[in-house]
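Here the structure is laid out as structure tokens; the discussion comes afterwards.
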Amino acid sequence: MLNNLEKEIEKIYIIQPITRENGHNYRVLQAEAVSLIESAGAVYAGTIYQNIREINAATFIGEGKLVELKERLWGLDGVTVLFNGELSPSQTLNISAALDDRKVIDRTTLILDIFAKNAKSSEGKLQVELAQLKYLYPRLKGKGAALSRLGGGVGTRGPGETQLETDRRYIRGRLKYLENRLKETEKRRALQSARRKKDEVKTIALVGYTNTGKSTLLNLLTGADTYVKNELFATLDPTARKLSIYGIDFLLVDTVGFLQDLPHNLIEAFQSTLESALHCDLALIVCDATGEYDMQLQTTLQTLKEMQFASPYLVVMNKSESVRDLSVFPQESIAVSAKENKGIEGLKRAILQQFSGEYLFCTLFIPYGKSAEYAKQKQYLVERRLEFTDNGQTVYATIPLRYADLFVEYIQERERI
């Protein structure tokens with residue numbers, strides 16, 4: 001029975017193009033493709049690299065390399081070919097034909113498949129289906145043969161299996177329906193955001209590269225139990241939890257991770273999910289301290305720039321428990337280990353400092369004769385700790401600055417964070 005199960009696991013062979021644009025990091029892209037394959041539940045079968053000076057309009061990589069790849073795959077039945085880039089419909093068809101009608105997918109198809117596998121909420125499923133149909137729609141006309149060759153397995157999860165037999169008119173109607181449903185979701189999200197602003201709740205967004213430990217960090221900071229797994233795009237649906245620091249309640253939101261060359265149609269499809277990152281009061285850009293953290297940071301910043309992100313941010317170097325020299329990290333970044341609960345207090349202080357211009361952290365002394373007056377006012381502050389003496393009570397408080405004047409006569413000492 002085990003052998004039968006092993007036969008059902010799809011094997012994927014990578015074509016890794018090396019172009020002028022990716023020549024400096026094609027090894028990283030290839031390693032990411034391997035992780036994507038594993039995240040999709042398939043098995044990595046090998047890689048063939050191709051230097052490309054000029055893109056072949058018909059097959060992208062040229063006939064000579066396709067002949068070489070065909071020879072390498074000879075005798076390997078059922079192996080899927082992944083082109084680690086984006087192919088046009090005709091290029092997909094031509095590569096498949098040159099490889100004796102093997103199943104051929106590109107990077108976007110693979111990422112969409114992982115999204116379909118990991119989306120759990122109704123909103124996440126709507127967003128995935130919208131992205132898949134937008135990608136499929138221009139590939140339908142005259143490409144029925146190419147699409148039919150996909151068969152089952154990676155690249156056909158979600159709506160893919162049912163949409164292959166549908167016509168463009170149906171898909172146009174379905175796209176409109178999905179877009180309307182997501183607009184309703186966006187309206188609800190906007191109302192929730194307006195309510196939080198009215199209640200003066202600050203929002204902090206966890207953003208960054210996929211699989212850098214954002215969900216683990218959210219769990220540690222908030223005591224939540226968000227799903228955590230060591231694979232790309234393991235958590236696709238947004239998660240929001242309350243985070244309290246020094247008497248201030250924040251809303252901490254985990255967002256979908258980014259990736260190099262993440263297709264624009266995927267970013268657009270998840271725009272409503274990423275609204276929390278766009279309109280947050282502070283973003284924590286989480287990087288993997290043991291990986292290509294500079295590339296992760298630049299990819300995240302570039303993606304946020306394209307989304308017109310304008311909020312302040314802190315750079316958090318997670319998984320730093322095994323790094324001896326922290327000076328190699330970007331200046332002013334914060335080294336933490338969510339796994340081993342290290343550096344978290346420093347991160348909390350850094351978060352507080354971002355909002356220090358809006359709050360007063362102080363010690364108050366309230367004489368017992370003023371207790372009734374203070375009782376009417378204390379709704380405007382947070383009492384972190386109380387101590388009672390013979391003459392009155394000492395209050396360690398956090399006060400929004402706009403209410404600070406109400407407590408001037410009681411202030412004994414201002415605290416520095």
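A few points about this structure:
- Kirkwood hydrodynamic radius computed over region 2-118 comes to 14.6 Å, based on all pairs of distinct alpha carbons.
- Our summary gives region 15-131 a relative contact order of 27 percent, counting only alpha carbon pairs under 8 angstrom and 6 or more residues apart.
- Packing rank of 245-255, 384-394, where each peptide gets the mean count of other beta carbons within 10 Å, highest leading: 245-255, 384-394
- One quarter of the surface of the convex hull around the alpha-carbon atoms of region 359-414 equals 3.4 nm², the direction-averaged projected area.
- Length available on full extension from L352 to Y380: 0.36 nm per residue minus the Cα-Cα distance, which gives 8.2 nm.
- For region 299-383, the alpha carbon convex hull comes to 172 Å³ per residue, rounded to a whole number.
Here, each number is a calculation from the coordinates, and none is a lab measurement. Only a predicted model underlies this, so the values are computations on that prediction, with no experimental measurement involved. Every residue, glycine among them, receives a Cβ derived from its backbone with ideal geometry; neighbour counts consider all protein chains shown.
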